[in-house]
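Structure, as structure tokens:
The values are calculated or read from the model by the stated rules, or taken from the named source; none is laboratory data. On a predicted model such as this, the values are computed, not experimentally measured, just so you know. Glycine also receives a Cβ, built like all others from the backbone with ideal geometry; neighbour counts cover every protein chain displayed.
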Amino acid sequence: MNSTSESHQQMLSRHFGITPAANQFVVALAGNPNVGKSTVFNALTGLRQHTGNWPGKTVDNAQGTFTYQDQSFLLVDLPGTYSILAHSVEEQVARDFICFGRPDVTLVVLDATCLERNLNLALQVMEITPNIVVCVNLMDEARKKNIQVDIKALEQELGVPVVATAARSHEGLEELQAVLYQVAKRNLQPRPKRLVYSPEVEAAVEQLLPKINRLIDHKLDPRWVALRLLDGDQNFIDTISVHLELNPLQITKEAAV
Amino acid sequence: MIQSADTRALSTLNAGESCWVAAIELNGLLRRRILDMGMVPGTAVECVRRSPAGDPIAFKVRDSIIALRHDDASNIKVHIANKF
């Protein structure tokens, strides 16, 4: 497990103000606003919580712990966002933690009553990391509106584990913990379906990949980095260089060659 | 995508009218945000209500309701759907 390495511990503490205990798994909790993310967080961690701010940001940061099968987990509540590509401070915090904090698992909470819009965030996270679990929350609300969610089909479409919950009434939380445990232990390896873009974009990505691989040395998903470079996402290029200690000019130059 | 010559600005819809998004003529962060809300070319959008001064305007997109400024909505081009 990567969270035990000492440099990773230091990095988590320095950049994110997070200090997991030895052998503790780190789970990032992401989701759109108003999907019951905090209810999931509270239901899983109870009163074992600590709140503060993200280092240098006026964005709330809540951490809590829970134990499943004698294994301790540190759950980190990320700001509620519709996306991790635009650049509000909240979205930056969420993106940076998933990307550079390298949590053992990222749990994406979706609203069962408007799945389509919520899946945008899940797909974005799937491009960054394969260590993802999707939680379709508010199943009780969905039932009231006569919305049925085919969890198995969703799982197959996405290629990642999907758990249905109604966190308010603790429905599905046991299974959620079990799946988080399996993915954190790497007993269960999600295989997120890759999004295929237009032939022009795919060709450009292919061209960039060798150079990106050389620069980032497998610390990030190279395909995702290529897509951000093509987006002209200067903020992300600057952030990469801070976290991976690269020279931003070098990245832009290499990519331009 | 639906091809048709007659597009209108999203801002011209009356409450109750439905349409398909044809093009999003916005740039930068606002464009990204609109896309993130699930409003992409081909998406069905319904005008739910207009505020008294016509700004902002509420639209139903993929089962959720969002409000857009008149100026921003005027840069989103749509095909009117209720002719069918």
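Here are a few things to note about the model shown:
- Any chance A:THR58 is more than 21 Å from A:SER88 (Cβ to Cβ) and either modelled with pLDDT of 95 or more or not in a helix (DSSP H, G or I) (or both): no
- The lone exception for B:ASP55 - which of (1) at pLDDT below 90; (2) within 13 Å of chain A (Cβ to nearest Cβ); (3) surrounded by fewer than 17 Cβ atoms within 10 Å (Cβ to Cβ) it fails: (2)
- The range A:63-94, subset outside any loop (DSSP other than H, G, I, E, B) and without any contact (Cβ under 8 Å) to a residue 24 or more places away in the chain, residue surrounded by the fewest Cβ atoms within 10 Å (Cβ to Cβ): A:THR67
- Among (1) assigned to a helix (DSSP H, G or I); (2) more than 22 Å from A:GLN234 (Cβ to Cβ) - the single one A:LEU107 does not satisfy: (1)
- One residue alone among B:ASP72, B:ASP36 is more than 10 Å from chain A (Cβ to nearest Cβ) and surrounded by 13 or more Cβ atoms within 10 Å (Cβ to Cβ), and that residue is B:ASP72.
- Looking only at residues in the range A:159-177 that are surrounded by 14 or more Cβ atoms within 10 Å (Cβ to Cβ) and touching a residue at least 60 places away in the same chain (Cβ under 8 Å), the one that is nearest to A:GLN24 (Cα to Cα) is A:GLN177.
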